[in-house]
Structure formats: C-alpha cells, structure tokens
Amino acid sequence: MKPLSILFATSEMAPWVKTGGLGDVAAALPAALRRAGHDIRVLLPYYPALKTAFPQATVVAEFHALAPALPAARLLAAETDGLPLLLLDCPELYERPGNPYLGPDGLDWPDNASRFGLLSRVAARLGQADSPLAWAVDVVHANDWQTALAPAFLHYEGGAASVVTVHNIAFQGCFAKPVHAALGLPEDAWRFDRVEYHDQLSFLKAGLQLASLISTVSPTYAREIQDEHFGYGLAALLRHRAADLRGILNGVDTDLWNPASDPALAEHYAANRLAAKRSNKTALQREMGLAESADRPLFAVISRLTLQKGLDLLLTVGDGIPQLPAQLVVLGSGDKVMEAGFQALAERFPGQIAVKLGFDEQLAHRIEAGADCFLMPSRFEPCGLNQMYSLRYGTPPVVRATGGLADTVVDLDEHTLADKTANGFVLPDETPHALWQTMERVCSAWHDKRLWLRLQQNGMRCDFSWKHAANEYIQLYRDAIATQH
Ligand code: ADP
Ligand code: GLC
C-alpha cells in the first residue's frame, strides 16, 4: 500500500520540551511511523530549547497574519535522526523559557489562545491546497487541545483528513468568546454542536466534534471518557461519536528505557541478570541521602504532582512508611501544597524518605532502576508511561485499575501467578486505606524473594514497543482518509 504523508502536530517533544507523556509520545511515535516507511513530519513551536538544538534550521515558508489575533510567523525545517521537523518560529509567542504553557507565576500564559491558535492554524494550512510547502499531506494528526483547532479549520475550509488524539481530557483549552473571531473561525461554527462550550471557545471540543476520526491513548480510557465521571463535560459528545473513537495503547521507547544499556544506571541488568539491579538501589539510596538498608523495599514516585495522580493518598499514609518498614523516594513537581507536603514528610523521616522537587530526566532513569516498587495510584490515567517504564526496569508498579494502568498492569494473585501474567499490584479502591493495605501486601511479597523475582520477570517480558501502536495509527489514518471519499 502507498506510504502516507502525515503531519504530526504537537506542543511538546522530548527531549527538548516535555512536561509529561505527550513529549515522549511525540518523539517515539513519529519515529516508529517513519521506520514503517511513512513520510511523517513533526510540527511544533520553535521554542528556545529547539533554537539551541537546531540553530541551523532553514526557513521554508513565511506566514503573514493568518487571522486578526495571529502575528506573522516563519516555518523552519530541521531533522533529528532522519525525522523531519517543521519548527514554527514566532518569537513574540514562543520565545519564553521553561514550561511551554505556564509563566514564571505558575499560571497559564495569558495569550495561550494565540500561541496554540497559531500552531493549530498553521497545522491546518499545511494540510490545505494553499500550503506553502510542496508536500501533499494525507492526514493532519492533532494532539491534545493545543493543536485541536486544526481539524476545525480543515472541516470548514477543506483539506487533508484529520485525527485528534486525546492524551488527557482534563485539559481542554477554553477561552473567552472573542477569541473565536480573533482566530479566524467562521461565525456559524459558534454552535453547541461545533466549537462552543458553555459560552466559551473550546479547542478540544472543536477537534472532537470536527476531526475525521478520534483516538485516545488506551482502550480503557476510550471507554471511560464516554462516562460523565471521566469525560470532563465531553462524555455525551464522545458517546455521540463512539463509532469514530479508538483507544490505542501508547508504546515506550525501548532503546531509551532499557536497563541493559541505559547510560544513567550504576550497573546494567536484564530479566535473567536481576542481581545486578541491587547496586542501582544502593547507588540511589546514597544519591538521595537514604540509609543504605537492604532489608526493606524502596518505593518510588516520579510524577507531576496533581490530583490526577492520587498522590494525596500517599501523603495521608506517608508517616507510616518507615514502620512498614520501607523507604520512599519522590521526584516530582506541580501543586505547591503537595510539594510542601512531600518536603515536610522527608524532613520528618531523614534517611527513610527522600524528596526531590523539580524535573530531572536522568534521575528518573536511576529511580526506575534503583527502586523496588513504583507507586502510581492515579484517579484517572489516560495511558501512563511510568508504569511501563517500571515494568521494563523490574520495578513492579502499584496502580489503580483505570485507563492505561488497567490495560498494562495485572494484579498479583494465585491465578495470575500461575499463568505468568502477574506483574504488579492493583488497588481495590481509591482510598488511603486501600493504598496502605496494598503497600503492606507489596512488603510481604517483596520478602518472598522467589515470588518477587517471578513478578519482576513477568513485567520485564511484556512487550510495550511502539510497533503494535504504529500499525494501529496507520489503520486509523487510512480510515480517516476513507471518510473523505
Ligand atoms: P503524564 O503525561 O500524565 O504526566 P505519563 O506517565 O504518561 O504521565 O508520563 C510522564 C512522563 O514524564 C514520564 O516520562 C516521566 O518519567 C516523566 N516525568 C514526570 N515527572 C517527572 C519529573 N519530575 N522528573 C523527570 N521526569 C518526570
Ligand atoms: C497524558 C496522560 C498520560 C499519557 C500521556 C501520553 O499526559 O496524563 O496518562 O500517558 O498523556 O499519552
């Protein structure tokens, strides 16, 4: 079959700009699609980190003001490992350090509607007949609200097929009504069954209404978001489009996250060489100022600190951890109250609980390798990558049965142990008590060395490579294209 021309539009891409899993996906999925023989190019803003990484990028197009609120911009081309990048340069919108969405005050940049309106507008233009590039795009793939207006422009003005992927429905990009005209959307799009949402313009709703097809990042989350409890106000819309909605489980970059070759580790190991994981634990304990005890499990968290991740449950039971006995290491940032809560916990239990606030990619690798068990009691989790990294690193995860966690983690019991599917622990419900009981269960399993080894090996043998997901995306793109004929 003919290879596809795909424009992958994103607001993050690892390793340059990453606030969470979208950054990882935007790096790994296009690379996998390229390996499968497709002409995929990634569109993202030319943030300062990308300017530093690709100073030689060449200008390939210029855009004059594309709508009343949108300043002129340029498009530059570069390449990373053979993967073409299209970098959207507009210094007045993107030349800002740090987090791509938030200013130094921790609040959304007040002009995010223009910043991501421009990104969406350009994504659509590249899929249209008047694209300035000599490149005929078959499908524009938008990711999350930041690029979700692209399908709306394509719907109203014509152009390539479009797909929008929901990585997290809790973030929707809602703005005051005047933004609608300022971004150049047609007047008749202001309808409850188009882009209007409670008298605001919703980027994500626009994409979900108007994209040729919709996907999200796990089969369970695809079902959950059709339910009011998880749908953040968009459940009815998604039920209406249920036939056009697919759940495709993310993969992980198996080269980047490989304990047999990860350059961040103290010692490499594999499923049949797990003894070598131990020196990573000692190295991590030393690095984090924890007592170098070998007689208790070390629990770990690497996370955005938000209500989504359920880590308030952990704060509630945190004081009991040293008596389990167990240790805890936390790497995270986000909600200031939670940050202070974890810091206070570490101060109460020096040597047993260690907390590092901030974002540290290399430390994240060392934690996955050095910890015994990974805690991820999320209230909802569209896919989740950390539980898959943990499984690969022989660090069984503790999760709630939601979203991608339900699709990747199998609770330890006698049946799952017998059929070799057990690879972690699932909380019975969303309470501190349930987390506590499960942590006790982890401790007793960890002391049974043979049982623990089997659990680790089952997890390490799971295949989370991008190959399967890449094939499903290709089918999704072909089906999206077919809707146009
Ligand atoms: P989400 O996208 O909801 O934050 P995921 O599990 O999909 O959750 O992806 C989170 C990604 O961000 C993982 O690669 C994880 O290692 C990384 N990450 C999160 N917080 C930190 C941090 N403080 N330091 C380093 N990496 C982090
Ligand atoms: C979002 C979700 C996370 C998912 C990631 C990548 O940030 O919260 O569960 O893994 O996107 O799709």
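The values are calculated or read from the model by the stated rules, or taken from the named source; none is laboratory data. These numbers were taken from a predicted model, which means no experiment stands behind them. No Cβ is skipped: glycine too gets one built from the backbone with ideal geometry, and neighbour counts run over all protein chains shown. Note: areas computed on protein heavy atoms with side chains; ligands, DNA, RNA excluded. Shrake-Rupley method; radii C 1.70, N 1.55, O 1.52, S 1.80 Å.
For the range 264-368, calculate the relative contact order in percent as a whole number, restricting contacts to Cα pairs under 8 Å that are 6 or more residues apart.
Here the relative contact order equals 31 percent.
Work out, in µm²/s and without decimals, the Stokes-Einstein translational diffusion coefficient of the range 268-335 at 4 °C, 1.567 mPa s, Rh from Kirkwood over C-alpha pairs.
In µm²/s, the coefficient is 95.
How high is the relative contact order of the chain, given as a whole-number percent (alpha carbon pairs under 8 Å, six or more residues apart)?
The value is 13 percent.
Is there a quick way to get the dipole size of the range 1-103? I mean about its Cα centre, with the Cβ of Lys and Arg at +1 and of Asp and Glu at -1; what is the value in debye to the nearest 20?
Result for the range 1-103 is approximately 200 debye, rounded to the nearest 20.
Please compute the Kirkwood hydrodynamic radius of the range 1-83 from all pairs of different C-alpha atoms, in Å with one decimal.
Taking every pair of different Cα atoms in the range 1-83, averaging 1/r and inverting gives 14.0 Å.
Pull up the cross-link candidates among the lysines for K356, meaning alpha carbon to alpha carbon under 21 Å and not fewer than 8 places away within one chain.
Partners found: K18, K281, K309, K336.
What is the set of long-range amide H partners of R400 at a cut-off below 5 Å, with H atoms built 1.01 Å from backbone N?
Close amide H contacts, sequence-distant or interchain: S378, L427.
As a test of reading the structure, rank H268, H433, H64 by solvent-accessible area (1.4 Å probe, protein chains only), most first.
Ranked from most to least accessible, the order is H64, H433, H268.
Which distance in Å, rounded to a whole number, links the C-alpha centroids of the range 369-414 and the range 157-188?
Centre-to-centre (Cα) distance: 33 Å.
In Å², and per residue, what accessible area does the chain have when probed at 1.4 Å with the other protein chains present?
Value for the chain: 39 Å² per residue.
What ranking, highest mean first, results for peptides 208-215, 173-180, 290-297 when packing means the other Cβ atoms within 10 Å averaged over each residue?
For the peptides 208-215, 173-180, 290-297, the packing ranking is 208-215, 173-180, 290-297.
What is the distance in Å between the Cα centres of the range 247-303 and the range 50-106?
36
Measure off, as a whole percent, the carbon and sulfur share of the 1.4 Å-probe accessible area of the chain, all protein chains present.
Accessible surface attributable to carbon and sulfur in the chain totals 53 percent.
Using unit Cβ charges (K, R positive; D, E negative) and no other charged atoms, how large, in debye to the nearest 20, is the dipole of the chain about its Cα centre?
That gives the chain a dipole magnitude of about 780 debye.
Convert each backbone phi in the range 122-136 into a coupling constant with the Karplus relation 6.51 cos²θ - 1.76 cosθ + 1.60 (shift: θ = phi - 60°), then list the ³J(HN,Hα) values in order as whole Hz, x for Gly and Pro.
5, 4, 5, 4, 5, x, 10, 4, 8, 4, x, 9, 7, 8, 8
Can you tell me the orientation of helix 432-447 relative to the chain, as the angle in degrees between its alpha-carbon axis and the longest Cα principal axis, to the nearest 10?
On a 0 to 90 degree scale, this one is about 60.
Given the options I481, P186, L284, identify the residue whose Cα lies farthest towards the positive end of the charge dipole of the chain (+1 on Cβ of Lys, Arg; -1 on Cβ of Asp, Glu).
Value: L284.
Given the -39500 (n - 2.57) contribution per DSSP H run of 4+ residues, what per-residue ellipticity at 222 nm results for the chain, rounded to the nearest 500 deg cm²/dmol?
So the calculated ellipticity at 222 nm is -10500 deg cm²/dmol.
From the phi angles alone, apply the Karplus equation (6.51, -1.76, 1.60; θ = phi - 60°) to the range 39-49 and give each ³J(HN,Hα) in whole Hz, x where the residue is Gly or Pro.
So the J values, rounded to whole Hz, are 8, 10, 10, 9, 9, 8, x, 7, 5, x, 5.
Taking R0 as 56 Å, what's the FRET efficiency between T19 and A418 from their Cβ-Cβ distance, rounded to 0.05?
E(calc), rounded to 0.05, equals 0.85.
What share of all Cα pairs of the chain, in percent, falls into each consecutive 10 Å distance bin?
4, 20, 29, 25, 15, 6, 1
Once Lys and Arg get +1 and Asp and Glu get -1 on their Cβ, which of L238, Q226, A294 lies farthest toward the positive end of the dipole of the range 183-333?
Of the options given, the answer is A294.
Set the Förster radius R0 to 22 Å, insert the Cβ-Cβ distance between E79 and N258 as r into 1/(1 + (r/R0)^6), and round the FRET efficiency to 0.05.
The pair E79/N258 has a calculated efficiency of 0.35.
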